[in-house]
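Trainee: Structure below; questions to follow.
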Amino acid sequence: MIAFLTLCYIALLYLLVRMRVLPDTLFVRLSPIGFSILLFLFLFVPMQWGAPFGPAVVVRPSVAIVPNVTGQVVSVDVEANKLVKKGDVLFRIDPTQYQAKVDQLTAQLKLAQLRQEQYAQLAARNAGNRFQVEETQANVANLKAQLADAQWQLNSTTVRAPADGFATYVALRPGARVAAVPLAATMPFFDISETIVGVQIHQIHMRFIEPGQEAELTFKEFPGQIFSAKVSLVLPAISQGQVAVSGSAVAPGPISPAPFVVRLKLDDPKIAAKLHAGAYGEAAIYTSSMRAAHVIRRVMLRMQAWINYLSPA
């Protein structure tokens, strides 16, 4: 952009000299060098914090689907990459052993409740032991708790979508055995209820960014288009500043000024819904500082949007 503005200045200078508005002197001939230096120092350097720019990526919350119970899969009801609603069935686990447990506890509970009534009647007639009544009450309460847990396990044999979204890479098939182990997830599920756009901004350019400020984005997925957004959050931490629990002493390592992450919210929810997770783009944030440079940044962002037609990277 500096080169473009300098060329425009040289063209204007040439016309003014040809029209004899300006003299053809050494100072006039060398003035484009000074013009470029002034542009760099007083416009483009302040623009970096007045209208910071950085790479952006679209992310969506994902859930690793892990069943609550262990068993053999009897059916897979979800299709890969097909939208489903919250509560729709993803797959089913053989419920036989869990149904048997529910039936067993149900029968035991009925017997315990009958015994409780009988002991209560005997105690009311002074023909029974009060301790036996309390013991049967505790037994009934214990069986009810076990039955509730068994019923929950039975219900968990039907694995449902945790939110509106889609499952991808569905390799699960009937006959496979799944387990309630976090490291043995069955499929990744993407939640489409929220579209998150993260922008990486160099630390030196972060000083004036605040929530609520205007931003613009362009994506490789939609070349030639500009989308408006707002700053929703400046993430207060990155991995470099994280202290992990460990049994070792501090191990000094390389430290670098890694970029911070700013979260944007697109103004148009329809566009947000169309963007694929992982979509790459560039974003500009317009702060309250150096407003004169905002026009230049807007032009540069639009130039990048048109370059997206030609450049895949």
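Trainee: Scan the stretch 259-268 and give yes if some residue there is more than 28 Å from residue 168 (Cα to Cα) and of a type outside the set (Lys, Arg), otherwise no. Please lay out each step first, then the result.
Mentor: Here is the first cut: in the stretch 259-268, the ones more than 28 Å from residue 168 (Cα to Cα) are 259-260.
Restricting the remaining residues to those that are of a type outside the set (Lys, Arg) gives 259-260.
There is at least one residue in the stretch 259-268 that is more than 28 Å from residue 168 (Cα to Cα) and of a type outside the set (Lys, Arg).
Trainee: Still on this structure, I have one more. Among the residues of the stretch 246-267, write down those that are free of Cβ contacts under 8 Å to residues at least 40 places away in the same chain and open to solvent by 60 Å² or more (accessible area, probe 1.4 Å).
Mentor: Residues satisfying the conditions are 246, 247, 248, 249, 250, 251, 252, 254, 255, 256.
Trainee: Here's a follow-up. Name the residue, out of 80, 112, 56, that is touching a residue at least 24 places away in the same chain (Cβ under 8 Å) and within 29 Å of residue 262 (Cα to Cα). Spell out how you get there, then give the answer.
Mentor: Numbers: 80 fails: within 29 Å of residue 262 (Cα to Cα); 112 fails: within 29 Å of residue 262 (Cα to Cα).
Testing whether each residue is touching a residue at least 24 places away in the same chain (Cβ under 8 Å) and within 29 Å of residue 262 (Cα to Cα) leaves just 56.
Trainee: Which condition number in (1) under 30 Å from residue 217 (Cβ atoms); (2) assigned to a loop (DSSP other than H, G, I, E, B); (3) of a type outside the set (Gly, Ala, Ser) is the one that residue 79 fails?
Mentor: (1)
Trainee: For residue 178, state whether it is within 29 Å of residue 268 (Cβ to Cβ) and either out of contact with any Asp or Glu (no Cβ under 9 Å at 6 or more places or on another chain) or of a type outside the set (Gly, Ala, Ser) (or both).
Mentor: For residue 178, the condition - within 29 Å of residue 268 (Cβ to Cβ) and either out of contact with any Asp or Glu (no Cβ under 9 Å at 6 or more places or on another chain) or of a type outside the set (Gly, Ala, Ser) (or both) - is not met.
Trainee: List, please: which pairs have Cβ atoms under 6 Å, are six or more places apart or on different chains, and start with a residue in the stretch 28-51 that is open to solvent by less than 30 Å² (accessible area, probe 1.4 Å) and end with one that is modelled with pLDDT of 75 or more and among the aromatic types (Phe, Trp, Tyr)?
Mentor: That search, which allows pairs on different chains as well, returns 51/286.
Trainee: Kindly indicate whether any position in the stretch 280-302 is closer than 23 Å to residue 165 by Cβ and of a type outside the set (Lys, Arg).
Mentor: Yes, some residue in the stretch 280-302 is closer than 23 Å to residue 165 by Cβ and of a type outside the set (Lys, Arg).
Trainee: Follow-up. With 184, 171, 148, 229 as the choices, which residue is open to solvent by less than 70 Å² (accessible area, probe 1.4 Å) and assigned to a strand (DSSP E or B)? Break it down stepwise before answering.
Mentor: Details: 184 fails: assigned to a strand (DSSP E or B); 171 fails: assigned to a strand (DSSP E or B); 148 fails: assigned to a strand (DSSP E or B).
Of 184, 171, 148, 229, the one residue that is open to solvent by less than 70 Å² (accessible area, probe 1.4 Å) and assigned to a strand (DSSP E or B) is 229.
Trainee: Of the residues 160, 177, which single one is surrounded by fewer than 17 Cβ atoms within 10 Å (Cβ to Cβ) and in contact with a strand residue (DSSP E or B) (Cβ under 9 Å, 6 or more places away or on another chain)?
Mentor: 177
Trainee: Of all the residues that make up the stretch 238-249, how many are assigned to a loop (DSSP other than H, G, I, E, B) and either of a type outside the set (A, V, I, L, M, F, W, C) or within 29 Å of residue 198 (Cβ to Cβ) (or both)?
Mentor: 8
Trainee: How many residues, within the stretch 189-215, are closer than 16 Å to residue 57 by Cβ and open to solvent by less than 60 Å² (accessible area, probe 1.4 Å)?
Mentor: Going through the stretch 189-215 one residue at a time, the tally reaches 8.
Trainee: What's the number of the only condition in (1) part of a helix (DSSP H, G or I); (2) more than 21 Å from residue 196 (Cβ to Cβ) that residue 288 fails to meet?
Mentor: It is condition (1) that residue 288 fails.
Trainee: Looking at the stretch 78-97, which of its residues are open to solvent by 50 Å² or more (accessible area, probe 1.4 Å), within 15 Å of residue 172 (Cβ to Cβ) and over 26 Å from the mean Cα position of the chain (by Cα)?
Mentor: Of everything in the stretch 78-97, those that are open to solvent by 50 Å² or more (accessible area, probe 1.4 Å), within 15 Å of residue 172 (Cβ to Cβ) and over 26 Å from the mean Cα position of the chain (by Cα) turn out to be 92, 94.
Trainee: Tell me which residues, restricted to the stretch 112-145, are assigned to a helix (DSSP H, G or I), open to solvent by less than 60 Å² (accessible area, probe 1.4 Å) and either among the hydroxyl-bearing types (Ser, Thr, Tyr) or at pLDDT below 85 (or both).
Mentor: Hits for the stretch 112-145 are 116, 120, 123, 133, 136.
Trainee: Do we have residue 269 as in contact with a His (Cβ under 7 Å, 6 or more places away or on another chain) and not polar (S, T, N, Q) here?
Mentor: Spelling it out, it is not the case that residue 269 is in contact with a His (Cβ under 7 Å, 6 or more places away or on another chain) and not polar (S, T, N, Q).
The values are calculated or read from the model by the stated rules, or taken from the named source; none is laboratory data. Remember, predicted model here, so these are calculated numbers, not experimental data. Heads up, the Cβs are rebuilt from the backbone with ideal geometry, glycines too, and the neighbour counts pull from every protein chain shown. Surface areas here come from the heavy atoms of the whole protein model, side chains and all, with no ligands, DNA or RNA. Shrake-Rupley method; radii C 1.70, N 1.55, O 1.52, S 1.80 Å.
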